Structure formats: structure tokens, C-alpha cells
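In what follows, a single structure is set out as C-alpha cells and then discussed.
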Amino acid sequence: MDQNLDVKADPFEAAGHRFHGEDSAWARRGRLREALRAQGRFTTGQTAGRFYATACVALEITQRCNLDCTLCYLSDAAEAAHDVPLPVLARRLASIADHFGPGTPVQITGGDPTLRRIEDLEAILAEATRLGLWPCLMTNGIRATRPFLARLAAAGLKDVAFHVDMTQERHGYDSEEALNAVRRDYLDRARGLGLRVLFNTTVHAATLSEVPALARFFRSHADEITMVSFQMQAETGRGVMRRRTDAVTQARVQAGLAEGFETPISFDTARVGHEACNRYASLLVAGDQAVSALEDKGLFHRILAALERADQDLRAAVAFQPMALRALVLRPATALAAAAHAVGLVWHLRRGLLRSRGRVARLAVFIHNFMDADSLDSERCAACVFMVATEDGPLSMCVHNAARDTHIFAPARLADREGWWSAATGEVTSTPVEAGPTPLPAKRLKGRAAARRQP
């Protein structure tokens, strides 16, 4: 671990400035912008700090899970934590809105959030909607039935992200390709509910070779999927699989995706924070053909420059296209270049367009490289765009995962003069009480702890 990194430090004090509470969207983005600028990473193609103050914030509403994944970021003691009360979650949602502004994506996660009462989820969604946030349900999908998702959609859910991969050891599936049956089932459940569908997949040495097949599956369902995320193995949490091999790299995941989508893919045109953490690409898919939409780096950077000070609380994933069109109207030369680029994309997709009757889908592709708990890099943490809501405010996800128990068992204030809640006991006291997790019975142990108890 970087010895200069305090895992309990407030990242919003790092540059000596506090931007949250400002009315200006541009000012809210200042913390991230200054961190990237200090590292020489606020470059022409950098979207972080320009169009959003953070890519998303995880709101962990439970530490319980109905799976025992071989790669899991939860701690050995996580299952001993009581579910976070709604008043605490409401205050954390308010903190997210205060720090980052309306439109901020919030991942409602855990553990698996579907283990909470559906009424709790509806209340959380109502509060997120009231604050103008963009809520996403992050789930393994086991309990996310169609009626369940329909209720949440009615309550304000915007996105559902299904995490499906071989680390979950689902019974009866021996490969990522076999798990496509689960993915199809989940698409069926969400179809027609007005939800954007995302899929997450953890990549490790045993499944790296399956990335091309996964890409082909996602290409064939691009009209129903908004984003796919490939998360590389990291040594953090309770999972029995530990440090990844040298075979699993960003470059090899990128190569597997290019092979599966059958097209060169630009992962360095649009930057999303630190390039060692995140790689992003945007694909256009028609029929069985795909093309990288951001191959013309110069054009994309000209459009970004035109939107440099877009002082609006708009989420780039939703609002970038209309913003870009508005900028092109005001810049005829750039508009002509964009038109020529569009013609080239259409020509590349010509056979697919005939098969799809002119329908084109856009698919966002992310590669996430989370850090090992004992190898945190202070620069990457300072430039983090994937945060977790904690009692002390938003915190880098990798920093949070490296010391999870410190954060999830910290006393949480309910409201002024209403006392303090303990995740360890589930009790409310008039003053904060530091309490660690109680030992779990053998049948509730997971990950490494369960493996150690086996004869």
C-alpha cells in the first residue's frame, strides 16, 4: 500500500478545496478536475471533471448476499452487519446530491440489495428521485423477478445492472457461454419496463479466453443492452481467489473484445478518470456488425472542447448526444467533419443495416481495473470516479474496499438529536459507540473464512 495514503482521509480535502455545496455544476466537478490536472491527466479527451463530478456512487444498503463468489469485495465479517436504516440511507443520498449535484448516477448495491424488503427499495428510489439522482439497481438477479423489477421501475428505477459470471458458481453452468442462458432470462425479465439494462462480468485467468464469446453475445443483444462492464480480478475482500496472474491485463481484455466484436475498438479516445483504472469505448451495432464510434479522436476532442464549460447537471451517458448536436450547430466546420465521419460509420455498417432494417444500437463498453487492497496508488485514488457513500462522505471505491470493516461498522448518525446507529448491534444509542462485528456461526461464513473451517 502507498504509505502516503490514509484510507480514512476525506478525498474532498485532498486539494485543499471543498467544492460540494456549490450551486455551479462546473464548481462541483472541481475536486475531480483539480486532481486530474495535478497528475497531468486533465487532457483533451478527459470527460471526468468536464461533464460530471463522478461517474457513479455506490449506496450499500445491505451486506447480505445470496451467493458466495470466489471473487468478492465484501469482507469476512460483512454478513454480521445489520442492514442500514432508511434514515441513514436518506442522509447519504442527500450527501451524494450535495457533493455531486442532480443527475449523479447512484448504484443501489450491497451485498445484494434485493434481499431488502421491496418497500425499503421503493422508499430509497423515491428519495433518490426527489433529489434528482439517477438510480441503478446492482444485483446478481436471482430475486429480481419481472414483477419485482416492474414495481421498482414504477418507483423511479432507471437502470438495472445484472452481475453474472463464473465466480458466482451458479449450479449447472460450466462456462461464461453457458451463463448466457441466465443473461437471456434477465433480458426477458426487464424487457418493456423502461429500464436501461447493464451487464457486469468479472474477468480472471480462467475466463479471459471467453471474452470474445461474451462480446459476440452482447453484440447480438445490443438493441436491449446499454452498457457492458468487464471488471478485472483484484485481491480485495473475502473471496478465495486472490491475486490475479500477469495474463489478465487491460490490453488482453481489449484484444478479446476487439476479436469478439470483430472490429478495432478505440479505448483511449474518451478518458474516464485515470487510464489505469478505467477504459471506455462506444460501439455502434447494426445486425451482426459493430464499429467503434470514437475512432476519429480529433473530431471527438473538438466536440469536447465545444462543450468545455457546459454548466449543467447532466449525466454524460444520457445527455452527451443532444449536447454534442447543439455544439455542432454552432460550429459548421466541426459539423461537416462529423457528417463525414457519420457517413464512414454507415458505410462500415452497410451489411448490418440491411439485416437490421436500418436500426442501429449504441453500446458502451467499460473495462475496470480495481486495485488490490495492499497496493493502493494515491494518484489513482485521488482521481477516482467510482465512489462509495460512507458515514464520512463519498470515498474512493478501492479505498473503501481496502478497509471495509472500518467504514461499514462505523457508528452512523440518524439525524440531529436522534442518536447513533450501530451496524454491529443494530441498536441506537444517544452517543456514538465503537463496536466491531460479532463472530458469525459456521453456517454463515463465506469466502476464505468458510474455506478455513472446512476439514
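Data overview
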{"quantity": "Spin-label pair GLN39/ASP288, simplified geometry with 7 Å Cα→Cβ offset, distance in nm", "calculated": "4.1 nm"}
{"quantity": "Dipole magnitude of the chain about its Cα centre (Cβ charges: Lys, Arg +1; Asp, Glu -1), debye to nearest 20", "calculated": "1220 debye"}
{"quantity": "Rounded accessible area of ILE303 (nearest 10 Å², 1.4 Å probe)", "calculated": "20 Å²"}
{"quantity": "Percentage of interatomic Cα-Cα distances in segment 80-179 larger than 20 Å", "calculated": "42 percent"}
{"quantity": "Linear extension gain, THR129 paired with ALA435, 0.36 nm per residue minus alpha-carbon span", "calculated": "106.8 nm"}
{"quantity": "Backbone HN-Hα couplings from phi across segment 435-451 [Karplus 6.51/-1.76/1.60, Hz, Gly and Pro as x]", "calculated": "8, x, x, 7, x, 8, x, 4, 5, 9, 6, 9, x, 4, 4, 5, 5"}
{"quantity": "Magnitude of the charge dipole, segment 246-312, Cβ model with Lys/Arg +1 and Asp/Glu -1, debye to 20", "calculated": "200 debye"}
{"quantity": "Principal axis dimensions, largest first and in whole angstrom, of segment 92-132 by Cα", "calculated": "29, 18, 14"}
{"quantity": "Dipole magnitude of segment 82-190, debye to nearest 20 (Cβ charges: Lys/Arg +1, Asp/Glu -1, about Cα centre)", "calculated": "400 debye"}
{"quantity": "Sites ARG453 and ARG170 - FRET efficiency at Förster radius 22 Å, r taken between beta-carbons, to 0.05", "calculated": "0.45"}
{"quantity": "Probe 1.4 Å, protein heavy atoms only - accessible area per residue of segment 338-452 in square angstrom", "calculated": "50 Å²"}
{"quantity": "Average accessible area per residue (Å²) across segment 69-174 - probe 1.4 Å, nucleic acids and ligands excluded", "calculated": "34 Å²"}
{"quantity": "Vicinal HN-Hα couplings computed from phi for segment 378-393 (Karplus, 6.51 cos²θ - 1.76 cosθ + 1.60; Hz; Gly/Pro x)", "calculated": "4, 5, 5, 5, 5, 9, 5, 10, 10, 10, 10, 6, 10, 4, 9, x"}
{"quantity": "Loop-resident sites, segment 139-178, for chymotrypsin sites (Phe, Trp or Tyr not before Pro), counting at most 12 other Cβ within 10 Å (DSSP)", "calculated": "none"}
{"quantity": "Accessible area in the full protein assembly, largest first, 1.4 Å probe, for TRP347, TRP134, TRP26", "calculated": "TRP347, TRP134, TRP26"}
{"quantity": "Residue among SER292, LEU214, ASN401 farthest towards the positive dipole end of the chain, charges placed on Cβ", "calculated": "SER292"}
{"quantity": "Net lengthening on full extension, GLU122/ALA154 (0.36 nm per residue, minus Cα-Cα)", "calculated": "10.6 nm"}
{"quantity": "Whole-Hz couplings from phi, Karplus 6.51/-1.76/1.60, listed for segment 138-144; x for Gly and Pro", "calculated": "9, 8, 7, x, 4, 9, 8"}
{"quantity": "Dipole axis of segment 18-131 (+1 Lys, Arg; -1 Asp, Glu on Cβ), positive-most option in ALA53, ILE118, CYS72", "calculated": "ALA53"}
{"quantity": "Accessible-area composition of the chain, carbon plus sulfur, in percent [1.4 Å probe]", "calculated": "53 percent"}
{"quantity": "Extreme residue, positive dipole direction of segment 412-455, given options GLY447, ALA424, PRO437 (C-beta unit charges)", "calculated": "GLY447"}
{"quantity": "Other-chain or far-sequence residues with amide H under 5 Å of GLY273's (modelled H)", "calculated": "THR47, ALA48"}
{"quantity": "Positive minus negative residues near GLN289 (Lys, Arg vs Asp, Glu; Cβ under 10 Å)", "calculated": "+2"}
{"quantity": "Rounded, prolate or oblate (a/c below 1.5 giving rounded, otherwise prolate when a/b exceeds b/c) for segment 133-205 by Cα gyration tensor", "calculated": "prolate"}
{"quantity": "Set of aspartates and glutamates near LYS297 by C-alpha distance (under 13 Å), chain-local residues within fewer than 8 positions excluded", "calculated": "ASP268"}
{"quantity": "Nearest 10 degrees, 0 to 90: helix 250-261 Cα axis against the chain principal axis", "calculated": "50 degrees"}
{"quantity": "Exposure of HIS407 as accessible area (Å², to 10), given a probe of 1.4 Å and all protein chains", "calculated": "30 Å²"}
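The values are calculated or read from the model by the stated rules, or taken from the named source; none is laboratory data. What you see is a predicted model, and the numbers here were worked out from it, not measured in a lab. Please note: Cβ atoms are built from the backbone with ideal geometry, for glycine as well, and neighbour counts cover all protein chains shown. The protein model used for the area step is the full one, side chains on, heavy atoms only, and it has no ligands, DNA or RNA in it. Shrake-Rupley method; radii C 1.70, N 1.55, O 1.52, S 1.80 Å.
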